[in-house]
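What follows is one structure encoded as structure tokens, with my remarks underneath.
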Amino acid sequence: MTLLAFDWALLIEKLVLIAVIVFGSLGIALYTTFAERKVAAVLQDRPGPNRAGPFGLFQPFADGLKLIMKEEIIPNTSNKVLFILGPGLAMTAALMTCAVIPWSSHVELFDRKIELQIADINIGILYVFGVVSMGVYGIMIGGWASNNKFSLMAALRGASQAISYELAMGLSLIAVLMLSGSLSLKSIVGEQMADGSLWNIAYQPLGFFIFFICALAECNRTPFDLPEAENELNFGYHQEYSSMKLGFYLFAEYVNMIMSSAVMACLYFGGYDIPFLDESTLAPNIAALLGVGALLTKIVIFIFIFMWIRWTIPRFRYDQLMNLGWKTMIPLALANMLITGAVILWKAGA
């Protein structure tokens with residue numbers, strides 16, 4: 001009887017949503033590599049990829065085919081199991097983040113109300129932090145299993161960098177949670193969409209600034225790409241990787257960038273909210289599609305800023321990186337948290 005009572009339609013809905021989001025994220029990541037090369041070309045006054053297909057649009061497929069066809073090389077002195085596990089773990093952790101992101105409100109199909117979120121758990125933002133922390137193990141395992149001193153040094157850099165900036169990121173996030181009173185990303189977005197409410201960026205500009213800098217460090221993006229410092233460590237933690245194992249590491253970086261942009265949009269910029277538009281006046285399906293478009297637009301803007309920074313600002317020295325994290329970001333995040341708490345108490349007393 002329990003088996004017969006199981007909601008198979010809900011299972012099918014979630015499986016379809018998972019497939020759409022995962023393959024959609026991979027497709028976006030595929031063309032994010034192309035966009036990055038085009039943005040770099042514009043900033044450096046050169047054409048960029050323009051030979052593979054019209055306007056060079058087939059270049060990502062050419063790169064993917066090249067990675068697939070390259071020889072799979074596993075060093076003789078490496079730990080072979082962990083060597084293979086590292087890139088798989090990095091890729092898995094990157095994709096798992098999308099489970100709690102609310103992509104829009106809901107659609108109505110086949111007399112059912114389908115939420116455009118895989119799982120609305122009440123500790124959604126803690127889940128994101130837990131999964132992001134797992135991604136560090138992908139870098140550490142890959143660097144250590146390679147049995148290469150440059151890879152190991154880069155992996156140690158990556159782990160210490162992630163720990164340092166996750167502290168500041170978590171502290172900056174506490175101020176947002178104090179305002180919203182919830183750990184659910186959907187509730188945080190809903191709070192910003194309520195009548196008379198503003199996006200959290202209006203209340204937490206310093207918190208967003210800290211979170212954004214920490215996101216750059218978490219994604220190993222310039223100027224915090226010390227784990228991949230070519231001029232110091234011969235390409236860093238994935239020095240010994242080739243073919244699709246290297247592709248997994250590269251893809252994980254871009255998927256992390258997409259998911260970080262989605263989280264920042266939900267926390268500080270209203271998620272799928274469209275400014276100056278009352279979604280309640282629209283049909284549910286139209287409002288849901290517009291919401292997806294709004295969130296994707298915000299993600300694209302963040303990704304462009306990530307790329308702009310990469311091709312504009314030089315890489316930090318490692319001591320500068322750690323000093324910024326421990327001596328600047330963490331004190332600023334603590335001050336922001338204390339000021340936010342004081343303002344909330346003052347308003348409650350008033």
* **Of the criteria (1) over 23 Å from residue 130 (Cβ atoms); (2) touching a helix residue (DSSP H, G or I) at 6+ places or on another chain (Cβ under 7 Å); (3) in a helix (DSSP H, G or I), which one residue 270 fails** => (3)
* For segment 281-336, how many residues meet the condition of being within 21 Å of residue 264 (Cβ to Cβ), among the basic types (Lys, Arg) and open to solvent by 60 Å² or more (accessible area, probe 1.4 Å)? -> 1
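Residues are listed down the side, and each one gets a yes or a no for (1) open to solvent by less than 40 Å² (accessible area, probe 1.4 Å); (2) over 17 Å from the mean Cα position of the chain (by Cα):
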position	(1), (2)
148	yes, yes
158	yes, no
164	yes, yes
183	no, yes
188	yes, yes
191	no, yes
195	no, yes
201	no, yes
* Asked: Out of segment 243-273, which residues are touching a residue at least 60 places away in the same chain (Cβ under 8 Å), open to solvent by less than 30 Å² (accessible area, probe 1.4 Å) and of a type in the set (A, V, I, L, M, F, W, C)?
  -> 252, 255, 257, 258, 259, 262, 263, 266, 267
* To do: Mind listing whichever residues of segment 108-139 are assigned to a helix (DSSP H, G or I), surrounded by 20 or more Cβ atoms within 10 Å (Cβ to Cβ) and of a type in the set (A, V, I, L, M, F, W, C)?
  => 125, 128, 132, 136, 139
* **The listed residue being touching a residue at least 60 places away in the same chain (Cβ under 8 Å) and more than 30 Å from residue 337 (Cβ to Cβ), out of 90, 94** => 90
* Does residue 191 satisfy being farther than 30 Å from residue 78 by Cβ, charged (D, E, K, R), in contact with a helix residue (DSSP H, G or I) (Cβ under 8 Å, 6 or more places away or on another chain) and without any contact (Cβ under 8 Å) to a residue 60 or more places away in the chain? -> yes
* Asked: Is one or more of the residues making up segment 166-179 under 15 Å from residue 224 (Cβ atoms) and either crowded, with 20+ Cβ neighbours inside 10 Å or free of Cβ contacts under 8 Å to residues at least 24 places away in the same chain (or both)?
  -> yes
* Looking only at segment 270-289, decide whether some residue is polar (S, T, N, Q) and under 25 Å from residue 218 (Cβ atoms). => no
* Is at least one residue of segment 212-219 small (Gly, Ala, Ser), in contact (Cβ under 8 Å) with a residue 60 or more places away in the chain and buried (at least 19 other Cβ atoms within 10 Å of the Cβ)? -> yes
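The values are calculated or read from the model by the stated rules, or taken from the named source; none is laboratory data. Predicted model only: the values in this text are computed from it and were never measured. As a convention, Cβ positions derive from the backbone with ideal geometry for all residues, glycine included, and neighbour counts pool all protein chains shown. Heads up: the accessible areas ignore ligands, DNA and RNA and are worked out on the full protein's heavy atoms, side chains in. Shrake-Rupley method; radii C 1.70, N 1.55, O 1.52, S 1.80 Å.
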